[in-house]
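Peer 1: Below is a structure I'd like to ask you about.
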Amino acid sequence: MRAWFFTEDAYPYLPDADSYESVRVSLPNKHFDPEVGADLYNMYLDMWCAADEMGLNIMNNEHHQTPTCMVPAAPIMLGILARETKNARLLILGNPVSNRSQPVRVAEEMALVDVLSRGRLECGFVRGVPYEIAPANVYPYRGTEKLWEAHDLITKAWTHHEGPFNFEGRWFHARQVNIWPRPYQQPHPPVWVTMGSGGSAAQVAQRGHIGAVFLAGYPRIRDIFDGYRQAYQEAHHQETPVDRLAYCALVSVGDTEKEGLDGAEKLLWYMTSNKVAPQFANPPGYHAPAMAATMMRGNQSGAGLPTATTVAEQMARGNLFAGTPDQVFEQIKSFYEYCGGFGNLMMMSQAGFMTFDETLSSMKLFSQEVYPRLKELTASYDPGVMQEIRASRPSVENVDISSIASEFAR
Amino acid sequence: MTSVEKPVVSLRGADIPLVRSGSGRQVLVLHGGDGPVSHLPFATALSGDFELLHPTHPGFDGSPIPEHFDGLQDLVFLYLDLIDSLDLRDAVLMGFAMGGWLAAEIASIMTGRTALFSKLVLVDSVGIKPGGPMDRDIADVFAMSEKELLKATWHDQSYGPDLTVMTDEQLQLLAADKVAHGLYTWEPYMHNPKLRHRLHRIDIPTLLIWGENDGIVTPQYGEALRDLIPGASMSVISDAGHNPHVEQPGEFARIFGHFAAG
């Protein structure tokens, strides 16, 4: 198991939620104090550096027009980390290539980070959440097709070394592609792509990339990972290596159960502060009509209210692992066995008002007391044994696919 | 809802549902982003004196969007094919909102064929950008709350759709309509920057009909559009918003009939 320390770099000092329509897209940036922002950026970079020193890997991402994530350009933060860290693998998850007009520029940025870090980049591509559509001004219909075309152009740019090549696709055009630098890792950095369903997982599996899932929890994880494994088997005629799958959850570890749960309460800010106006959560062309209709129905009552949820609910769903080191290990192991195994745990271990010291304390306990056991777990991974264990665990059928899971699916 | 068997015109790349009603001078009706209008009272009112031809744009009312479609220009050329396939003579071309933009594009291409279309009617149409980069000439309907949208669209908001009484199937059709609407209008938003330089080509009498209280595209926007079309005139209907044909069907039919008969 590889563990990835992740924080969205929130600017948590929000006005009263009743005073604004949406935390995403339209919250005026007069609420951002640059002095406070400078302190926060430096604190988050310090956290990532501390994670590196603890032996954890690093994950970052970007969002736009939102205080929930202060980083609108993840490659810039990644460039700093490439220089400031020593050992951590550096995962960007990811580049919103459906929304970016210049895939070649993405290829260049990623190659730079890979070279600067001497080959520590892991490069993710994402379609992006629906509230990224208004900031990007890009129509989301066929966004997945766009993602894969950008992917094809970027990977070609990374691996073609004999002078300019031509690319004139459905969405992207570049007639003289010859990037400098080229990547440090050969043939190119590992690629990650987010998955939200069994169908989207198949496209990732066919290419052999790492498939990443955010907060799908018990209700949806089997469908997605099974979709990946089946497509991988068909495409590559072998079992899916456990390192091809990744899951992201909220993680809080304490010396005592109470300490771990107190941390979890603070992490929950990530969910409860996400008041999004319906027109930004459900732009035309993003969701399939059936899903969009469901959201339109849901929006009729309590439109835009902050997502109400509890630590207990999110733990039950498998979106949050919290407690003592023993408890956290058992919770992760349970989820790991339920879904048939995964080799990467992305941990949102800081959110909202969680302090530097609280975060480090939690991550230190994780890295010292949980991480070694997780590494043993994946080291002994056997697909046959795993399927037997998994078969003994009936599917969770009593949890509905609530707005929580769908909202946070990347 | 009772479903009526709709005849389909098969074109290269798409099948277009086409509803015909009434008899008399032909009117090719191009609907806007809210979808087909053939069922509305104004259409019934007109069907005594006119034969209305109502095609449904691909993507609306549950129809598929052709794989190669990216925007309104695809619709323009699809409709040039449709028009070639219909037996039109001395017809009126009428479009609502996005359909008005479509009608204006078609009229600026089909010059010199006045035997086919002899009149053009644009109702609360989009299609041009009169102002500068910082001017929001056309309300951003995709970034407005349901409440704001109702307020901008209607003079009397009770005409607005009531989602609470819709069936799941109706909601899904509405969601699919929005997908098509977005596809045709997303960027450049609701307009073609080139169109204003082509509207001078329109060589048939043109009437703009506008709702006085339209908050999506104001009557001032309509005047800017009118001024780009040679000889065009404009009628403003009071107590109506973006859909004067819905809020004031009688007055709408009267103004249309007067222009079309003249």
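The values are calculated or read from the model by the stated rules, or taken from the named source; none is laboratory data. The structure presented is a predicted model; accordingly, all values stated were derived computationally and were not measured. Note that each Cβ is placed from the backbone with ideal geometry, even for glycine, and that neighbours are counted across all protein chains shown.
Yes/no matrix, rows are residues, columns are (1) within 14 Å of chain B (Cβ to nearest Cβ); (2) modelled with pLDDT under 90; (3) more than 30 Å from A:M354 (Cβ to Cβ):
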{"site": "A:G260", "(1), (2), (3)": "no, no, no"}
{"site": "A:G263", "(1), (2), (3)": "no, no, no"}
{"site": "A:Y270", "(1), (2), (3)": "no, no, no"}
{"site": "A:A277", "(1), (2), (3)": "yes, no, no"}
{"site": "A:A288", "(1), (2), (3)": "yes, no, yes"}
{"site": "A:M296", "(1), (2), (3)": "yes, no, yes"}
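Peer 1: Among (1) at the interface with chain A (Cβ under 10 Å from one of its Cβ atoms); (2) surrounded by 21 or more Cβ atoms within 10 Å (Cβ to Cβ), where does B:L120 come up short?
Peer 2: Condition (1) is where B:L120 drops out.
Peer 1: Name the residues in region B:134-167 that are away from every other protein chain (no Cβ under 13 Å) and without any contact (Cβ under 8 Å) to a residue 12 or more places away in the chain, would you?
Peer 2: Within region B:134-167, B:M134, B:D135, B:R136, B:Q157, B:S158, B:G160 qualify.
Peer 1: For residues in region B:132-155 being surrounded by fewer than 13 Cβ atoms within 10 Å (Cβ to Cβ) and not aliphatic (A, V, I, L, M), which is modelled with the lowest pLDDT?
Peer 2: Filtering region B:132-155 for residues that are surrounded by fewer than 13 Cβ atoms within 10 Å (Cβ to Cβ) and not aliphatic (A, V, I, L, M), the one modelled with the lowest pLDDT comes out as B:K147.
Peer 1: Identify all residues within region A:27-49 that are over 18 Å from A:I76 (Cβ atoms) and crowded, with 18+ Cβ neighbours inside 10 Å; write none if there are none.
Peer 2: A:L27
Peer 1: A further question on this structure: When you go through (1) part of a loop (DSSP other than H, G, I, E, B); (2) closer than 27 Å to A:D226 by Cβ; (3) of a type in the set (G, A, S) one by one for A:A316, which number turns out not to apply?
Peer 2: Checking A:A316 against (1) part of a loop (DSSP other than H, G, I, E, B); (2) closer than 27 Å to A:D226 by Cβ; (3) of a type in the set (G, A, S), the one that fails is (1).
Peer 1: Please go through region A:58-88 and pick out each residue that is in a strand (DSSP E or B) and either modelled with pLDDT under 95 or in contact with a helix residue (DSSP H, G or I) (Cβ under 8 Å, 6 or more places away or on another chain) (or both).
Peer 2: Those that are in a strand (DSSP E or B) and either modelled with pLDDT under 95 or in contact with a helix residue (DSSP H, G or I) (Cβ under 8 Å, 6 or more places away or on another chain) (or both): A:I58, A:N60.
Peer 1: Please count how many residues of region A:214-233 are touching a residue at least 60 places away in the same chain (Cβ under 8 Å) and at negative phi.
Peer 2: Summing the residues that are touching a residue at least 60 places away in the same chain (Cβ under 8 Å) and at negative phi in region A:214-233 gives 10.
Peer 1: Quick one: A:G94 ticks every box in (1) in a helix (DSSP H, G or I); (2) at pLDDT below 95 bar one, so which box is it?
Peer 2: Answer for A:G94: the failing condition is (1).
Peer 1: Can you tell me which condition A:P190 does not meet? The list is (1) under 19 Å from the mean Cα position of the chain (by Cα); (2) surrounded by 18 or more Cβ atoms within 10 Å (Cβ to Cβ), and all the others hold.
Peer 2: (2)
Peer 1: For region A:94-134, what are the residues that are within 14 Å of chain B (Cβ to nearest Cβ) and surrounded by fewer than 19 Cβ atoms within 10 Å (Cβ to Cβ)?
Peer 2: The answer is A:S101, and nothing else.
So that you can scan it fast, the table gives a plain yes or no per residue for (1) in contact with a strand residue (DSSP E or B) (Cβ under 7 Å, 6 or more places away or on another chain); (2) farther than 17 Å from B:A103 by Cα:
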{"site": "B:K129", "(1), (2)": "yes, no"}
{"site": "B:R136", "(1), (2)": "no, yes"}
{"site": "B:E146", "(1), (2)": "no, yes"}
{"site": "B:L150", "(1), (2)": "no, yes"}
{"site": "B:S158", "(1), (2)": "no, yes"}
{"site": "B:H181", "(1), (2)": "no, no"}
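Peer 1: A further question on this structure: B:G160 passes all but one of (1) over 21 Å from the mean Cα position of the chain (by Cα); (2) within 26 Å of B:P58 (Cα to Cα); which number fails?
Peer 2: It fails just one condition, (1).
Peer 1: Given (1) touching an Asp or Glu at 6+ places or on another chain (Cβ under 9 Å); (2) over 17 Å from A:S117 (Cβ atoms); (3) in a strand (DSSP E or B), where does A:F6 come up short, assuming only one miss?
Peer 2: Condition (1) is where A:F6 drops out.
Peer 1: Related question: Yes or no: region B:36-58 includes at least one residue that is in contact with a Leu (Cβ under 6 Å, 6 or more places away or on another chain) and surrounded by fewer than 18 Cβ atoms within 10 Å (Cβ to Cβ).
Peer 2: No - not one qualifying residue is present in region B:36-58.
Peer 1: Residue under question is A:L245, and the condition is that it be more than 14 Å from chain B (Cβ to nearest Cβ), over 23 Å from A:T155 (Cα atoms) and of a type in the set (A, V, I, L, M, F, W, C); does it hold?
Peer 2: Considered against the rule, which asks whether it is more than 14 Å from chain B (Cβ to nearest Cβ), over 23 Å from A:T155 (Cα atoms) and of a type in the set (A, V, I, L, M, F, W, C), A:L245 comes out as no.
Peer 1: Is there a residue in region B:176-188 that is of a type in the set (K, R) and either at pLDDT below 95 or closer than 22 Å to A:M296 by Cβ (or both)?
Peer 2: Yes, region B:176-188 contains a residue that is of a type in the set (K, R) and either at pLDDT below 95 or closer than 22 Å to A:M296 by Cβ (or both).
Peer 1: Cβ-Cβ distance below 6 Å, separation of 6 or more or different chains: which pairs start in region A:135-157 with a residue that is away from chain B (no Cβ under 11 Å) and end on one that is in a helix (DSSP H, G or I)?
Peer 2: Pairs that qualify, where the first residue is away from chain B (no Cβ under 11 Å) and the partner is in a helix (DSSP H, G or I), are A:A150/A:P103; A:L153/A:P103; A:I154/A:P103; A:I154/A:V106; A:I154/A:A107; A:A157/A:V104; A:A157/A:A107.
Peer 1: Here's another thing I want to ask about it. If a residue counts only when it is more than 26 Å from B:E251 (Cβ to Cβ), which strands (runs of 3 or more DSSP E) contained entirely in region B:1-120 have at least 1 such residues?
Peer 2: B:8-11, B:14-21
Peer 1: Let me spell it out: the conditions are (1) buried (at least 24 other Cβ atoms within 10 Å of the Cβ); (2) polar (S, T, N, Q); (3) at pLDDT below 95, and B:T111 meets all of them except one. Which number is the exception?
Peer 2: Every condition holds for B:T111 apart from (1).
Peer 1: Further question on the same structure: Condition first: assigned to a helix (DSSP H, G or I), in contact (Cβ under 8 Å) with a residue 60 or more places away in the chain and within 17 Å of B:F256 (Cα to Cα). Now tell me which residues in region B:216-246 satisfy that.
Peer 2: The answer is B:G222, B:P244, B:H245, B:V246.
Peer 1: Looking at region A:81-103, is at least one residue of a type in the set (V, I, T) and more than 28 Å from A:S273 (Cα to Cα)?
Peer 2: yes
Peer 1: Of everything in region B:168-198, what is part of a helix (DSSP H, G or I), within 17 Å of the chain's Cα centre (by Cα) and more than 14 Å from chain A (Cβ to nearest Cβ)? Give them in sequence order.
Peer 2: B:L195, the sole residue that qualifies.
Peer 1: Among the residues of region B:87-95, are any touching a Pro at 6+ places or on another chain (Cβ under 6 Å) and within 28 Å of B:L225 (Cβ to Cβ)?
Peer 2: The answer is no; no qualifying residue exists.
Peer 1: What is the number of the single condition among (1) closer than 17 Å to A:E358 by Cα; (2) surrounded by fewer than 17 Cβ atoms within 10 Å (Cβ to Cβ) that A:D18 does not meet?
Peer 2: Status for A:D18: all satisfied but (1).
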